[in-house]
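The structure appears right after this line, and notes come after that.
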């Protein structure tokens, strides 16, 4: 079992360590921030864009 360092859309400024199972669960819920940003501002902007894209897709 391995671990992964990720950021979530709920708390993009905080990097957390999760197990494989936790990562899979968070990905299925669309809560994993998919960004290579390294600054807090960059991470927050990426999280906002990802949430907005998910809302647009949901409303389509």
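Values quoted throughout were computed directly from the atomic coordinates according to the rules given, and no laboratory measurement underlies them. These numbers come from a predicted model, not from an experiment.
So the values come out like this:
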{"quantity": "The chain: relative contact order as a whole-number percent, Cα under 8 Å and 6+ apart", "calculated": "31"}
{"quantity": "Candidates 44, 29, 11: whichever shows maximal mean-square fluctuation once the chain is modelled as a Gaussian network with Cα springs under 10 Å", "calculated": "29"}
